[in-house]
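Below is one structure, written out as structure tokens; comments come after it.
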Amino acid sequence: MGISTKEISEVIKERLKDFDASLVAADVGRIVAVGDGIAQIYGLQNAMAGELLEFPHETYGLALNLEEDQVRSVILGDFGHLHEGDEVRTTGRLLEVPVGDELLGRIVNPLGIPLDDKGPIKTSKTLPVERIAPGVITRKRVDSPVQTGIKAIDAMIPIGRGQRELIIGDRFTGKTTVLLDTIINQKGKDLFCIYVAIGQNAASIARVAATLEENGAMDYTIIVAAAASDPASLQYIAPYAGCAMGEYFLEKGQEALCCYDDLTKQAWAYRELSLNLRRPPGREAYPGDVFYLHSRLLERAAKMSDTHGKGSLTALPVIETQANDVSAFIPTNVISITDGQIYLQSDLFNAGQRPALNVGISVSRVGGDAQTKAMRQVAGKLRLDLAQYRELAAFAQFASDLDTQTRNQLERGARLTELLKQDKYQPVPLAAQVAVLYAGTQGHVDKVPVARIREWEAGFVRFLKGERQGVLEAIDKQKALDDNLFARLNAAISTFNHQFGIEGYQDQADPAGHTAAMEPEAKEPEAKKSPAKKTQAKKAT
């Protein structure tokens, strides 16, 4: 007996009545091979580049290689439980991470999973880790500073909000300390901080968290941790995840700072993934798109215009060099992407200069636009003077006799160098920096022994806070020095120098309130005078 077309159509209609398209929307494939964090998948004809793939046991991966007969995916996390033949599904979405104020004070991995045993993070908002950077039209020029609290940086290589400033140097030259000082100095200010640790051991990340906790900085900080023991895939996406968390504040019209410590290890992780994905190697075995790896991250730092929320995202990437070689592949790449670099030199670090800042090669392409007027007024020639001092000091090692001008320049440079030293995790407020640097650049500490410069600085700041109340507050409020403030500073310096017991100190204020330190006659130190000379001095007095 034949089947009529009417009966066939009725059966089809019945079957289609309860059909749910969402149940079969996912493209399904099978694992062909898995190893080294890479899965080869047969099928998934509709997979997108960068799409999130779902593996068994709540494991996810990123589709990076779309080949003719298969897809190669990077597995995000442990892959030991995955086997040949396991089913893989597309998700139709890109990789996202949770964002929000709820993440402040927390330590999370690059997927937003908490690592600090403080319970789950209650936020429902997510942002994709990969986003297109804001366009030129939506931005505005960098015009406000990120105060690091480090005298040498705030005075000579200022960092602006929305800038990308590279911190570069060998291992153990204080790069992480610069980041932590900057984060600690934001206490009580309006800048949210994201510290991204890439490829560090877990003990180092724990020390960073403990340091920020001790200084009360975790209240406004998120730590994104991709430890050295984590898979290369997590180290690869960690900076993008941290950037997405910073963009949440940017979109709200607030200000954020992202510290990437460090991008060298991200490049190593990306090279490992690329070689395992069978992508062709190039210079130093890096893939051809390693420049794009860092440029698409750092271009997302921006200062938004007034019509686009006024927010800002500042980037402080770190790059590690080998034997001070800034001309290597990755350092030159990131130098060309950023708006300047802070170069920390191991020779200076070993000589006791902390921070070990090489002012000759360090530069900020934003410059004075990222400084307050008060700092510009007192630190205008500081960078040039220090660079000249370093050159003169190297030359003077071989000179037996120096003229008076060269000797004076060396003496001034030695004291300015000592004045710029500071201990780690002790950022200096802007007003105190301005007062101290004014005294140094105007010659008021030229008669202070070099060994006592740090003592003089600490005593002078205490003197201003205790006996000259209002001077630091006025500098902090006005952000500029007028004739009245110049006069008050000169009077405070003169009084303190006499209290400090500087022999031969004289000062003279010019009509504008600036000072020019007089050159007093050279005197023998009191301790070295003979009894006869001491008696003559008493009679003369």
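The values are calculated or read from the model by the stated rules, or taken from the named source; none is laboratory data. Bear in mind the structure is a predicted one, so any value in this text is a computation, not a measurement. As a convention, Cβ positions derive from the backbone with ideal geometry for all residues, glycine included, and neighbour counts pool all protein chains shown. For the accessible areas, the whole protein counts, side chains as well, though only heavy atoms, and no ligand, DNA or RNA atoms are used. Shrake-Rupley method; radii C 1.70, N 1.55, O 1.52, S 1.80 Å.
Residues in the stretch 49-69 that are assigned to a loop (DSSP other than H, G, I, E, B) and buried (at least 17 other Cβ atoms within 10 Å of the Cβ): 0 in all. For the structure I just gave you, tell me whether ALA432 is among the small types (Gly, Ala, Ser), surrounded by 14 or more Cβ atoms within 10 Å (Cβ to Cβ) and modelled with pLDDT of 95 or more. Against the criterion (among the small types (Gly, Ala, Ser), surrounded by 14 or more Cβ atoms within 10 Å (Cβ to Cβ) and modelled with pLDDT of 95 or more), ALA432 qualifies.
Here the condition is being in contact with a helix residue (DSSP H, G or I) (Cβ under 8 Å, 6 or more places away or on another chain), within 13 Å of LEU277 (Cβ to Cβ), in a strand (DSSP E or B) and at pLDDT 95 or above; of VAL74, VAL97, it holds for VAL74 alone. Checked across the stretch 436-455, the condition of being open to solvent by 30 Å² or more (accessible area, probe 1.4 Å), of a type in the set (Gly, Ala, Ser) and modelled with pLDDT under 95 holds for at least one residue. Screening GLY85 against (1) within 23 Å of GLN45 (Cβ to Cβ); (2) of a type outside the set (Lys, Arg); (3) touching a Pro at 6+ places or on another chain (Cβ under 7 Å) leaves a single unmet condition, (3). Taking every residue in the stretch 89-107 that is touching a residue at least 40 places away in the same chain (Cβ under 8 Å) and under 18 Å from ILE121 (Cα atoms) and pairing it with any residue that is of a type in the set (Gly, Ala, Ser) and part of a strand (DSSP E or B), at least 6 positions away or on another chain, the pairs with Cβ-Cβ distances below 8 Å are ILE107/ALA225. In this entry, GLN40 passes the filter for residues that are free of Cβ contacts under 8 Å to residues at least 40 places away in the same chain and closer than 17 Å to GLU272 by Cα. Candidates ALA387, ALA356, ALA351, ALA370: the one that is in contact (Cβ under 8 Å) with a residue 40 or more places away in the chain and either in contact with a helix residue (DSSP H, G or I) (Cβ under 7 Å, 6 or more places away or on another chain) or farther than 16 Å from ILE159 by Cα (or both) is ALA356. The C-beta contact set for the stretch 425-449 (first residue among the hydrophobic types (A, V, I, L, M, F, W, C), second residue part of a loop (DSSP other than H, G, I, E, B), distance under 7 angstrom, 6+ apart or interchain) comprises VAL428/GLY149; VAL428/GLN422; LEU430/GLN147; LEU430/THR372; ALA439/VAL445; VAL448/ILE502.
Okay, residues lined up against (1) at pLDDT below 95; (2) of a type in the set (Asp, Glu); (3) in a strand (DSSP E or B):
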| position | (1), (2), (3) |
| --- | --- |
| TYR292 | no, no, no |
| ARG296 | no, no, no |
| ARG300 | no, no, no |
| LYS303 | no, no, yes |
| THR314 | no, no, yes |
| PRO317 | no, no, yes |
| ALA323 | yes, no, no |
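Of all residues in the stretch 347-406, those that are within 22 Å of ASP170 (Cβ to Cβ), among the small types (Gly, Ala, Ser) and outside any loop (DSSP other than H, G, I, E, B) total 4.
Across the stretch 329-371, which residue is nearest to ARG141 (Cα to Cα) among those that are among the aromatic types (Phe, Trp, Tyr) and open to solvent by 30 Å² or more (accessible area, probe 1.4 Å)? Filtering the stretch 329-371 for residues that are among the aromatic types (Phe, Trp, Tyr) and open to solvent by 30 Å² or more (accessible area, probe 1.4 Å), the one nearest to ARG141 (Cα to Cα) comes out as PHE329. Scanning the stretch 312-328 for residues that are within 19 Å of LEU180 (Cα to Cα) and open to solvent by 20 Å² or more (accessible area, probe 1.4 Å) yields one hit, GLU320.
Just one of GLY80, GLY119 is more than 29 Å from ALA209 (Cα to Cα), out of contact with any Cys (no Cβ under 6 Å at 6 or more places or on another chain), open to solvent by less than 70 Å² (accessible area, probe 1.4 Å) and without any contact (Cβ under 8 Å) to a residue 24 or more places away in the chain; which is it? The unique qualifying residue is GLY80. Checking each residue in the stretch 100-116 for being part of a helix (DSSP H, G or I) and open to solvent by less than 30 Å² (accessible area, probe 1.4 Å) picks out only LEU103.
Among residues of the stretch 451-474 that are within 12 Å of LYS421 (Cβ to Cβ), those with a Cβ under 7 angstrom from a residue that is among the charged types (D, E, K, R), sequence gap 6+ or separate chain, pair up as ILE453/ARG415; ILE453/GLU418; ARG454/GLU418; ARG454/LYS421. Go through (1) farther than 24 Å from THR314 by Cα; (2) modelled with pLDDT of 85 or more; (3) more than 23 Å from the chain's Cα centre (by Cα) and name the single condition ASP401 misses. The failed condition is (2).
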